[in-house]
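First comes the structure, then the notes that go with it.
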Amino acid sequence: MLLSTTSTENSGLLSEILPQFTAATGIEVAVVARGTGEALRAGERGDGDVLLVHARAAEEAFVAAGHGVKRFDVMYNDFLIAGPLADPAGVAAATSASDAFRRIATAKALFASRGDDSGTHKKELDLWKRAGIDPAGASGTWYRETGSGMGATLNAAVGMEAYVLTDRGTWISFKNKRDLVIHFEGDPVLFNPYGAILVNPERHPSVKAAEGQRLIDWLIGPEGQRAIAAFRIGGQQLFYPSSERPTP
């Protein structure tokens, strides 16, 4: 079983590339999509074989605590800040992601947060911290927590005409944008890496370690990396294989 994220599931990536893995190996992969925090907790319980998630610090802590064997870079994209076309907070004029968040808070403009301990939610909280703002005090006013996945949170943002932090993959695949547009992107802090981890079979003997490692090896190998790079919607690439990332 692959414990992955709503962002990869919503994008359509997994339904595109996993059949290619099955065709190559004969191994069927069941997917459970949830926020990264929930996926990591499921891994701690041994409720899956492999994790494909996107909150690097939490992933490294998971491995350091002995819950996972090793983290492997698989792919990346980035986060962006979208909002209503009118841009009431002036986010399009922001000089950084933290400046964008400060503008939203200063204007008390509606903001739709996932509020679900996902990788995207963790990044959002990091950006509020960088901006010197604790949004918890505004919960239920201009700061609205959906407790939902990325697609549902984007729908909420559309309905409320709110700002939202989203991963690019889900944004590209999201059909119901109406007048929701990208207002800020490109800050290096918005980099969004995805990693794969085999759940530790020494702690959880039910883990299918051999099959799980074959999946990881395929994802980070030439076939998997090509499949990730080839996945597009409307001609736009959603994820970039880690093997193609320039060395910093």
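What follows is calculated from the coordinates using simple rules that are stated; it is not laboratory data. Everything numeric in this text was worked out from a predicted model, so none of it was measured. All Cβ positions, glycine included, derive from the backbone under ideal geometry; neighbour counts span all protein chains shown.
Which whole-Hz ³J(HN,Hα) couplings does the range 20-33 yield from phi under the Karplus relation 6.51 cos²θ - 1.76 cosθ + 1.60, θ = phi - 60°, glycine and proline marked x?
Per residue, the Karplus-derived 3J(HN,Hα) values read 5, 5, 4, 5, 7, 10, x, 8, 7, 10, 8, 10, 10, 9 Hz.
Hey, what number do you get for the chain at 222 nm if only DSSP H runs of n ≥ 4 count, each worth -39500 (n - 2.57), divided across all residues, to the nearest 500? Write down the numbers at each step before the final one.
Details: 10 runs with 98 residues, N = 248.
Computed ellipticity for the chain at 222 nm equals -11500 deg cm²/dmol.
Calculate, in nm to one decimal, what Thr106 and Gln236 gain on full extension: separation in residues at 0.36 nm each, minus their alpha carbon distance. List each step's numbers first, then the result.
On the way: separation 130, 0.36 × 130 = 46.80 nm, distance 3.40 nm.
Contour length minus the Cα-Cα distance gives 43.4 nm.
How do Asp179, Asp87 rank when sorted from fewest to most other Cβ atoms within 10 Å of their own Cβ? Numbers along the way, then the final one.
Values: Asp179 10, Asp87 17.
Starting with the residue having the fewest Cβ neighbours, the order is Asp179, Asp87.
Could you work out how far apart the two model spin labels at Arg226 and Lys175 are, taking each label as a point 7 Å from the Cα in the direction of the beta carbon, and quote it in nm?
It works out to 3.1 nm between the two label points.
What is the angle, in °, between the Cα long axis of helix 209-220 and the longest principal axis of the Cα atoms in the chain? Nearest 10 is fine, range 0 to 90.
Helix 209-220 and the main axis of the chain meet at about 50 degrees.
Please find the FRET efficiency linking Thr141 to Ala61, where r is the Cβ-Cβ separation and R0 is fixed at 30 Å, and quote it to the nearest 0.05. If you can, show how the numbers build up before the last one.
Numbers: r = 33 Å, r/R0 = 1.08.
Efficiency, rounded to the nearest 0.05: 0.40.
Taking only C-alpha pairs under 8 Å that are 6+ residues apart, what is the relative contact order of the range 1-106 in percent?
On the way: 95 pairs, mean separation 25.5, N = 106.
Relative contact order, the range 1-106: 24 percent.
So how do Glu60, Glu161 line up by other beta-carbon neighbours within 10 Å, fewest first? All intermediate terms of the calculation are to be shown ahead of the outcome.
Values: Glu60 14, Glu161 17.
Placing the least packed residue first, the sequence is Glu60, Glu161.
Quick check: the distance between the Cα centres of the range 195-223 and the range 12-54, to the nearest angstrom?
Distance between centres, Cα-based: 10 Å.
For a footprinting-style exposure proxy, rank Arg114, Arg71 by other Cβ within 10 Å, fewest first.
Details: Arg114 27, Arg71 20.
So the residues, fewest neighbours to most, are Arg71, Arg114.
Pairs Lys70/Lys208; Lys70/Lys175; Lys70/Lys129: which exceed 27 Å Cα-Cα?
Among Lys70/Lys208; Lys70/Lys175; Lys70/Lys129, the Cα-Cα distance tops 27 Å for Lys70/Lys175; Lys70/Lys129.
How charged is the neighbourhood of Leu190? Take every other residue with its Cβ under 10 Å from the Cβ of Leu190, and add Lys/Arg as +1 and Asp/Glu as -1.
Numbers: positive: Lys123, Arg168; negative: Asp78, Asp167, Glu185, Asp187.
Within the 10 Å Cβ shell, the charges total -2.
For the pair Ala152 and Ala30, how long in nm is the line joining their label points, each one 7 Å along Cα→Cβ?
Taking the simple label geometry, Ala152 and Ala30 are separated by 2.1 nm.
Which of Asn176, Ala152, Gly140 sits farthest toward the positive end of the charge dipole of the range 139-184, with +1 on the Cβ of Lys and Arg and -1 on the Cβ of Asp and Glu?
The listed residue farthest towards the positive side: Asn176.
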